[in-house]
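Everything below concerns the one structure shown next.
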Amino acid sequence: MTKEDKKIQIFDTSLRDGEQTIGVNFSIDQKVKIAQQMEKWGVDVIEAGFPVASKDDFKAVKAVAESVDRVCVTGLARAKQGDIDACVEATKNAKHKQIHVFIGTSPIHREYKLNMTKEENLAAIHKWVSYARQFFDIVQFSPEDATRTEPDYLVEAINTAIDAGASVINIADTVGYTNPIEFGQLFDYLRANVERFDDVVFSVHCHDDLGMSVANAIAGVQHGATRIEGTVNGIGERAGNTALEEIAAAFMVRNDYYHFTTNINLKETKATADMISEFTKMAIPNNKAVIGSNAFSHESGIHQDGMLKNRSTYEILTPQSVGMDATHIVLGKLSGSHAVMQELQNIGFDVSKEEMKKIFPVFKSVADHKAIIDDNDLKIIMKKVGVMSHA
Ligand code: KIV
Ligand code: ZN
């Protein structure tokens, strides 16, 4: 960490918002395994569930609270006594804990969901944050749908929560509505108008409805937030949440620009992502940033040639740094003769440049009809051309 680097806390909500993914229902045992892997990966806070939601959710939060050590555990609570009491009970044995209390603050949530005036909304924030503060040293308050809340009213809601004892304020882009420039401006406005902005931790919680959750979260921390909430593989309600592995990789690769660090041990990324994929039964898309199987595969001839000369021509992150296997050079119709020659060597054919003149046209004609040429195809091509293995 250089002198100017700023530490950004990572709050993982794979077990809560992530479990809101359609079709996902973690068992208690799976939640404990994920939480322990999250601890290994290096997250700072785990949102283990919503204890009031069901008996099993309560048991899962309790089990997670009792099975991790360093990491802070939180449960989610609406601004209601029953929700807060359930969190108190479920997290009572955690070594490190906090609570996460939320209420909608936008006009649409106040009018249609909560049927509350602004005054009633502010009173609820004060009442339930103060209530939670009796049991927790750290109370996180989220104004739900913050990005569609009138900015001056958002300031009032935040001031009220801080006065009532909240020490973390989580700005939720609940429906993935904002964009990086606008979100940055919202933070500038909050910094200028929230009286005790610097006394509390500001956090961001972004959804991916318009595909901007990672960019929005980064904009938030560039403008004063110091905590990012998200999930592994970006799982979550509707289009999902900020993919935390993308945040951690971006801060590492572009530290020269962002000057942010996290406690994430990047080498544990693939193991964490694979566990989430297995337990959610959701395959990681091949082209997924950072952990997709194609993220470190190269097909075009120009790229393969560059890679063989110097890997950094087309890779800004090594597969090993995120715990993945080595780079794959995938042979196909766009591959060049260098890459083909290299792979032939790997499988025992030490061919000369002269021999390649015969082999390469046959390779091209086969590749015109088959998307990926594997080692077996190469052996058949070599038989066809009549070149024997020199190995
Ligand atoms: O998206 C959201 O607003 C939430 C809150 C509970 C923070 O998940
Ligand atoms: Zn959410």
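Please treat every number below as a calculation from the coordinates, not as lab data. Note that the coordinates shown come from a computational prediction; the quantities given were computed from them, not determined experimentally. A quick note on method: Cβ atoms are made from the backbone with ideal geometry, for glycine too, and the neighbour counts reach across all protein chains shown.
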Among 7/40; 97/267; 80/118, the pairs whose Cα-Cα distance exceeds 21 Å are 97/267
Grab the other residues whose beta carbon is less than 12 angstrom from that of residue 162, score K and R as +1, D and E as -1, and report the net.
-3
Report the dimensions of the chain along its three principal axes from the alpha-carbon atoms, largest first, rounded to Å.
84, 42, 42
Which aspartates and glutamates have a Cα lying under 20 Å from the Cα of residue 62, excluding residues fewer than 8 positions away in the same chain?
12, 17, 19, 29, 39, 44, 47, 83, 85, 89, 137
Full extension between residue 377 and residue 255 adds, at 0.36 nm per residue less the Cα distance, a length in nm of 39.7 nm
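With an 8 Å Cα cut-off and a minimum separation of 6 or more residues, compute the relative contact order for the range 63-176 in percent.
Computed over the range 63-176, the figure is 25 percent.
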126, 298 arranged by Cβ crowding within 10 Å, fewest neighbours leading:
126, 298
By how many nm would the segment from residue 314 to residue 4 lengthen if fully extended, with 0.36 nm per residue of separation less the alpha-carbon distance?
108.7 nm
Taking the number of other C-beta atoms within 10 Å as the exposure measure, put 317, 244 in order starting with the fewest.
317, 244
When only Cα pairs under 8 Å and 6 or more residues apart are kept, what is the percent relative contact order across the range 203-319?
17
Of 112, 177, 131, which is the most mobile in a GNM of the chain whose springs link Cα atoms less than 10 angstrom apart?
112
Virtual paramagnetic centre 7 Å along Cα→Cβ of residue 70, amide N under 11 Å, in the range 246-271
263-265
Packing-based ranking, highest mean first, of 195-203, 263-271, 45-53 given that Cβ atoms within 10 Å are counted:
45-53, 263-271, 195-203
Calculate, in nm to one decimal, what residue 119 and residue 321 gain on full extension: separation in residues at 0.36 nm each, minus their alpha carbon distance.
67.6 nm
Looking at the chain only, what percent of DSSP beta bridges run antiparallel? Nearest 5 please.
5
Pairwise Lys count, the range 288-391 - Cα closer than 17 Å, eight or more residues apart or different chains
17
Looking at the chain as a GNM with Cα springs under 10 Å, which of 289, 367, 86 has the largest mean-square fluctuation?
367
